[in-house]
Structure formats: structure tokens, C-alpha cells
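Structure record follows, encoded as C-alpha cells.
Please treat every number below as a calculation from the coordinates, not as lab data. None of these values were measured; they are calculated from a predicted model. Cβ coordinates were reconstructed from backbone atoms using ideal geometry, including for glycine residues, and neighbour counts include every protein chain displayed.
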Amino acid sequence: MAISHDAVWLQTEIETLAIRVLASWRTKAVSVSSTQQRDRRRFLDRLHASFDAEPLEDGIDHPAEQVITAALESEDRDTALQWISNACLESASPAFAAATFLCAARQPGLGTVAWRAGLVHGALASDDIELRDAAIQAAEFWGDPGLRQILADHSEPVPWLDEYRRGAMDDLVL
């Protein structure tokens, strides 16, 4: 039993370290074709239209989830994940970013553990309470044990959201 506990602890420590390293890396600027730019714009337009047409409610499927799924199926997966990441961390419209984040979080196993960790880490660094709340909900939905450390490292100034963050951490036990 002790070996199994130690192995789980070591795996979690390795995941946490990898998450921190990957979350801190800056992405290189890459050239984007006009077709990719057009497809990205179409993706964002469809997301915006889905939120304009229907409010996002807990426990109810939302058309934006289908937009995300369609992008993942029709595009290079890394490209689609970059679009989703950018939309979830959109600083010009935090309400749009938070809604997109919540719909992305409803996709089980979206991206990689490191990608999800980078997304949660980036959103927790936001000044917007709605986006930080969405990040905590996403961490809870995805259930990755490594996200526990990201939540633990976050200092949340809003009391009710900090209480929710601590509860989500308890749900992400090893």
C-alpha cells in the first residue's frame, strides 16, 4: 500500500512540475494562412452567435459545445485547440471568454493535461471574476489531479470564490 501511495504522489508531483513548466512557456509566433484566419474568424463568429441566440445554463447542453466539437473535427487538432484557448482567455470580452471556457470544460478530456492546466492557470491570472470562476469550474469538471496544485497556488481575493476554489481542490484529491 505504501508503494502505491508513493507512486501516486510522485506521479502527481511530476504532473504538477510539467504543468508549471508548460504553462510558463511562451508560444512562438507562427505565420497563419489566410484560410486559417478565415476559418478562425468563422469559428469565433459561430461561438458569438451561439451565445447571442441562447443563454448558457448549468446542466443544459449549449450550441457552443457543438461549435467547439465541430472545430475539433474539421481542423487540425492543435489549431482548433489554439483557437479554443484564445477564445477562453479573450481579454477584450471576459464574459464571452468565461462562457466559452465553460462550454470547453464540458468536453471531457479536451486537449492534453498540460493544455488544460495552462488554460486554467491563464484564466486564474485574469482580473475578471467571471473568468476565474469559469477556470475553477473547469478544473472541477475535468478532474485532473494536477489542477489541484494550480488551484492551491492561486490566491483568490473574492471570499465566496475562494471558498469555492477550496472546495474544488478537495474534490481533486489524489
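Dipole magnitude for segment 32-171: about 500 debye, using +1 per Lys or Arg Cβ and -1 per Asp or Glu Cβ, origin at the Cα centre. In this rough spin-label picture, where each label sits 7 Å from Cα along the Cβ direction, the Thr69-Arg42 distance is 1.9 nm. Shown in residue order for segment 140-154 are the 3J(HN,Hα) couplings computed by the Karplus curve 6.51 cos²θ - 1.76 cosθ + 1.60 at θ = phi - 60°: 5, 4, 5, x, 5, x, x, 6, 4, 5, 5, 5, 5, 6, 7 Hz (x for Gly and Pro).
The ranking of Arg42, Arg116 by Cβ neighbour count inside 10 Å, starting from the fewest, reads Arg42, Arg116.
Normalised by the number of residues in segment 32-171, the mean separation of alpha-carbon contacts (under 8 Å, six or more apart) gives a relative contact order of 17 percent.
A straight chain from Ser34 to Asp127 at 0.36 nm per residue would run longer than the Cα-Cα distance by 30.2 nm. Dipole orientation for segment 32-171: of the candidates Ile136, Gln66, Gln82, Gln82 has the Cα lying most toward the positive pole (charges on Cβ; Lys, Arg +1; Asp, Glu -1).
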